[in-house]
Amino acid sequence: MGKVIVTGGAGYIGSHTAVELAAAGHVPVLVDDLRNSEAAVLDGLAKLIGRRPVLHRVDCTDRHALDAVFRAEGPVDGVVHFAADKAVGESVQDPLKYYANNVGSLVALLQVMRDHAVRTLVFSSSCTVYGQPDRLPVGEDAPDHNALSPYGATKVMGERILRDLVASDPGWRVVLLRYFNPIGAHPSAGIGELPLGVPNNLVPFATQVAAGLRDRLVIHGTDYPTPDGSCVRDYIHVVDLAQAHVKALAWAEARTEATCEVFNLGTGRGSSVLEVVRGLEAVTGRPLPHLLGPRRAGDVPEVFGDPRKAGAVLGWKASRTLHDALADAWRWQQTLADRDRG
Ligand code: UFG
């Protein structure tokens, strides 16, 4: 097996996927401008992979720089494309940033891939494309509800661009992976999420509260039509998610005709915000300071996915529990605290 380009490879999901690609015998080549990561991720990856992966410090909207990467690397088996901005709230404030970066980087990457006759791609999409689904668990064929932030719209557009491309040129083999809520970290605590500033997402914020870095978690809404009134999400361990990319790539490589196939990557199980709080309290062994607050604009009450298609077609299934993911998230938070103290 040869090289696989991983754009956003120094990021949260990208770095975990690089580890799993290497474990499966691929050579991950990272393309990342480190705008939302740190070069220190490479140290963690070097320990886990056994050698330091190559990193090209490139902005993926820069077509010429990307072309130089493909020229320098020679034959490449495929690409896993993570590089994107991902903060839902920020995308509402600054939509052009999201359209320019997320859509621009995809188009530039596809042009360069076409020029180099590399036409196998795994694309990071999101369950955000479903909005609030009518039926749960949501399957891949659910209609898109347009209840979308500009961030979500960039994922819908990305999927559309790829469908159009595959329709125009049967040489392409593309897999669209719709992630539910990735959490946790590598169990070794060698790599994990590195939120910049105040985390937007529940688990990194909550682990910072547990570590005493923030006073308290605010639960955004407790009057939703859900079993305990807080929002329900499908939290998936980032290592399970990473392993799905390896399966998706292998499946795409084995296709002999034009392919553009979408898969949900979730556990099939919903957990409420309050369950996550209780889970983290169980893991840390102490109460998590929290307040019951108002709803957060733009949140959908309840989403969890039907992962059966990925099971049947890719032979992939999430195997780690919410407890595993929270324990790994907490171990990672403690490692970060030790590093900051050291
Ligand atoms: N939450 C809190 N307090 C916080 C942070 C979050 O109560 O301080 C709640 C949210 O209201 C939500 C749940 O925790 O109910 C999960 O929130 P996250 O921000 O962790 O995740 P989201 O489900 O909002 O967003 C995730 C991804 C997005 C993606 C979206 C699709 O981060 O990239 O799922 O639904 F677009």
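The values are calculated or read from the model by the stated rules, or taken from the named source; none is laboratory data. Here the structure is a predicted model, which is why all the values come from computation and not from measurement. Note that we place each Cβ from the backbone using ideal geometry, even for glycine, and neighbour counts take in every protein chain shown. Side chains included, ligands, DNA and RNA excluded: accessible areas come from the protein's heavy atoms. Shrake-Rupley method; radii C 1.70, N 1.55, O 1.52, S 1.80 Å.
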TODO: Mind pulling the angle between the C-alpha long axis of helix 322-341 and the longest principal axis of the chain? Nearest 10 degrees, somewhere in 0 to 90.
DONE: 90
Open item on the list: Contact order normalised by length for the chain, with contacts defined as Cα pairs under 8 Å and 6 or more residues apart; what percent is it?
Closed with: 19
Task: Options His64, Gly315, Leu274, ranked by Cα towards positive dipole end of the chain, top entry (Cβ charges) - done: Gly315
Task: Cβ charges +1 (Lys, Arg) and -1 (Asp, Glu), total dipole of the range 229-342, debye - done: 180
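Based on the alpha-carbon gyration tensor of the range 91-147 and its eigenvalue square roots a ≥ b ≥ c, which shape applies: rounded if a/c is under 1.5, prolate if not and a/b is larger than b/c, or oblate? Before the final figure, lay out each step's value.
On the way: a/c = 4.18, a/b = 1.50, b/c = 2.78.
Oblate shape, in that a/c is at least 1.5 and b/c is the bigger or equal ratio.
What's the local net charge at Asp328, with K and R +1, D and E -1, over the other residues with C-beta under 13 Å away?
Working: positive: Arg320, Arg331; negative: Glu193, Asp240, Asp324.
Summing Lys/Arg as +1 and Asp/Glu as -1 gives -1.
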Task: Ellipticity estimate at 222 nm from DSSP helix runs (n ≥ 4, -39,500 (n - 2.57)) divided over the chain, nearest 500 - done: -11500 deg cm²/dmol
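Order these peptides, 276-286, 294-304, by their mean beta-carbon neighbour count within 10 angstrom, highest first.
The densest-packed peptide leads the list: 276-286, 294-304.
Summing +1 for each Lys or Arg and -1 for each Asp or Glu, what net charge is found among the other residues whose Cβ lies under 11 Å from the Cβ of Val239?
Values: positive: Arg320; negative: Glu20, Asp240, Asp324, Asp328.
Neighbourhood net charge equals -3.
Per residue and in cubic angstrom, what volume does the convex hull of the Cα atoms of the chain have? Numbers along the way, then the final one.
Details: hull volume 43.1 nm³, N = 342.
With only Cα atoms used, the chain gives 126 Å³ per residue.
Report the FRET efficiency, 1/(1 + (r/R0)^6), for Ala117 and Ala24, where r is their Cβ-Cβ distance and R0 is 30 Å, rounded to 0.05.
Working: r = 23 Å, r/R0 = 0.78.
For R0 = 30 Å, the calculated efficiency reads 0.80.
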Open item on the list: What do you get for the angle between helix 150-168 and the principal long axis of the chain? Use alpha-carbon atoms, 0 to 90 degrees, nearest ten.
Closed with: 30
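Any idea of the accessible area per residue across the chain, 1.4 Å probe, to the nearest Å²?
On the way: 14670 Å² over 342 residues.
Spelled out: the 1.4 Å probe surface of the chain, per residue, equals 43 Å².
Once the convex hull of the alpha carbons of the range 208-276 is built, what does its volume come to per residue, in cubic angstrom?
Normalising the Cα hull of the range 208-276 by residue number yields 134 Å³.
Could you put Thr321, Thr335, Thr259 in order of accessible surface area, largest first, with the 1.4 Å probe and the full protein assembly present? Intermediate values should be presented prior to the final figure.
Working: Thr321 70, Thr335 50, Thr259 10 Å².
Most to least solvent-accessible, the answer reads Thr321, Thr335, Thr259.
Carbon and sulfur together cover what percent of the accessible area of the range 69-183 at a 1.4 Å probe radius?
Values: 2440 of 4720 Å².
Within the range 69-183, the accessible surface is 52 percent carbon and sulfur.
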Open item on the list: To check my understanding: the extent here is largest minus smallest coordinate of the Cα atoms along each principal axis. What are those three numbers for the range 134-217, in Å, largest first?
Closed with: 53, 33, 25
Open item on the list: Rounded to the nearest 10 Å², what accessible area does His116 have for a 1.4 Å probe in the complete protein model?
Closed with: 60
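Using a 1.4 angstrom probe with every protein chain in place, what is the largest-first accessible-area order of His323, His26?
Highest to lowest solvent-accessible surface, that is His323, His26.
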TODO: Find the centroid of the Cα atoms in the range 164-180 and in the range 98-151, then give the distance between the two in whole Å.
DONE: 10
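Could you give the dipole magnitude of the chain about its Cα centre, charging the beta-carbon of Lys and Arg +1 and that of Asp and Glu -1, in debye to the nearest 20?
That gives the chain a dipole magnitude of about 460 debye.
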- [ ] Order Ile13, Ile161, Ile191, most accessible first, counting only protein heavy atoms with a 1.4 angstrom probe.
- [x] Ile161, Ile13, Ile191
Open item on the list: Along the Cα→Cβ direction, 7 angstrom out, place labels at Ala250 and Asp77. What is the inter-label distance in nm?
Closed with: 1.0
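Near Ala258, within a Cβ-to-Cβ distance under 11 Å, what is the net charge of the other residues, with Lys and Arg +1 and Asp and Glu -1?
Values: positive: Arg119, Arg163, Arg173, Arg255; negative: Asp169, Glu257, Glu261.
Neighbour charge sum, excluding Ala258 itself: +1.
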Open item on the list: Full-extension gain between Ser168 and Val54, please, as 0.36 nm times their residue separation minus the C-alpha to C-alpha distance.
Closed with: 37.7 nm
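Any idea what the alpha-carbon Rg over 2.2 N^0.38 Å comes to for the range 1-105? If you can, show how the numbers build up before the last one.
On the way: Rg = 13.9 Å, N = 105, 2.2 N^0.38 = 12.9 Å.
Relative to the 2.2 N^0.38 Å estimate, the range 1-105 comes out at 1.07.
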